[in-house]
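Step one of this worksheet: look at the structure below.
Values in this text are rule-based calculations from the coordinates and carry no lab data. The structure displayed is predicted, hence computed values, not measured ones. Note: ideal-geometry Cβ built from the backbone for every residue, glycine included; neighbour counts use all protein chains shown.
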Amino acid sequence: MRADTKPVTALIDHAVINVLDRMDAAVERFRAFGFTLTERGYHSLGSINHLMVFGADYLELIGLPQKGDLIRREVADSPLGLNGLVFATDDAQRLHRQLVGRGEAVEPALAFNRPVTLDGVTHIASFKTVRLAPGSVRGGRVYFCEHETRHLVWRREWQGHRNGVNALAGFTIVVPELAREAALYARILGAKARRLSDNESELALGPFRLSFMTPTCYCNRYGTFAGDAGGREAFMGALALRTAALAQVRACMAAAAGDGVEAENFPARTVVSAASAFNTVLEFVE
């Protein structure tokens, strides 16, 4: 059979923050940030999650149940913080053929599900993912997701947030080999890398920006608000979110300041420290 080598054009689907066994505290904190969270989900793979759903994408908190026979090793073995970058596909099996045909290191498509209760009725949300093989890119988990039941994820009652957030705006990967990593993502995602300086490059995926920074650039950008690398040379360090009004974000952060939330306001953005957001820098922009 001839390989399907049609170029992949990727758009962001969701970002993932790993909170490990601290899910209850994470839910409380992100609600304080002004997000509406979905009910707790229980994946057939053994993990648990909550979503913050926006117009066409979402932010996911993923973790591990306090008790359970099935342990999702890729979650349990990953550090606390931002560690999942997920792109959209409408056909995971076809995408797998395309990527294999282009010589990319990917794992076979994986099917899984979780129950969703709506108005007292339980439905099954189902997904297929194609993951880049461990070690093929640096910093965290990167994969593509096919939603077989989109109507069970993108629901109006979950898409309104007190902080006005309506989309993911950007994602930062900290990596020493800047040019190599940016070129690798550009090839896989069918995008073009743009060099901003000797210490920073980016890929534009529609309105979403995937940024690559050297460790020095990252530390200079965020200072004491930066995430803890935990000895890693490469890691996923910051997430940008688009809001309809920074004033709404700032009101939420001011109310949360008494609970130890560190946030700093700039003319066009508000930044929340990684220490306040489970080792993830959050950057809100209009």
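Could you put Ile71, Ile173, Ile188 in order, starting from the residue whose Cβ has the fewest other Cβ atoms within 10 Å?
Working: Ile71 13, Ile173 26, Ile188 21.
Final ranking by Cβ density, sparse to dense: Ile71, Ile188, Ile173.
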Original post:
Quick one: Cα centre-to-centre distance for the stretch 109-141 and the stretch 246-284, in angstrom?
Top reply: 29
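Could you grab the relative contact order for the chain? Cα pairs under 8 Å, six or more apart, rounded to a whole percent.
Working: 662 pairs, mean separation 54.6, N = 286.
Across the chain, relative contact order equals 19 percent.
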Original post:
Distance in nm between label sites at Ser197 and Ser126, each 7 Å beyond Cα in the beta-carbon direction?
Top reply: 4.9
Subject >> For q = 0.10, 0.15 Å⁻¹, Debye-computed log10 I/I(0) when each Cα of the chain counts as one equal scatterer >> reply: -0.51, -1.22
Subject >> Label-zone membership for the stretch 39-58, site Gln66, 7 angstrom Cα→C-beta point, backbone N under 19 Å >> reply: 39-43, 46-50
Original post:
Taking R0 as 25 Å, what's the FRET efficiency between Arg269 and Ala183 from their Cβ-Cβ distance, rounded to 0.05?
Top reply: 0.35
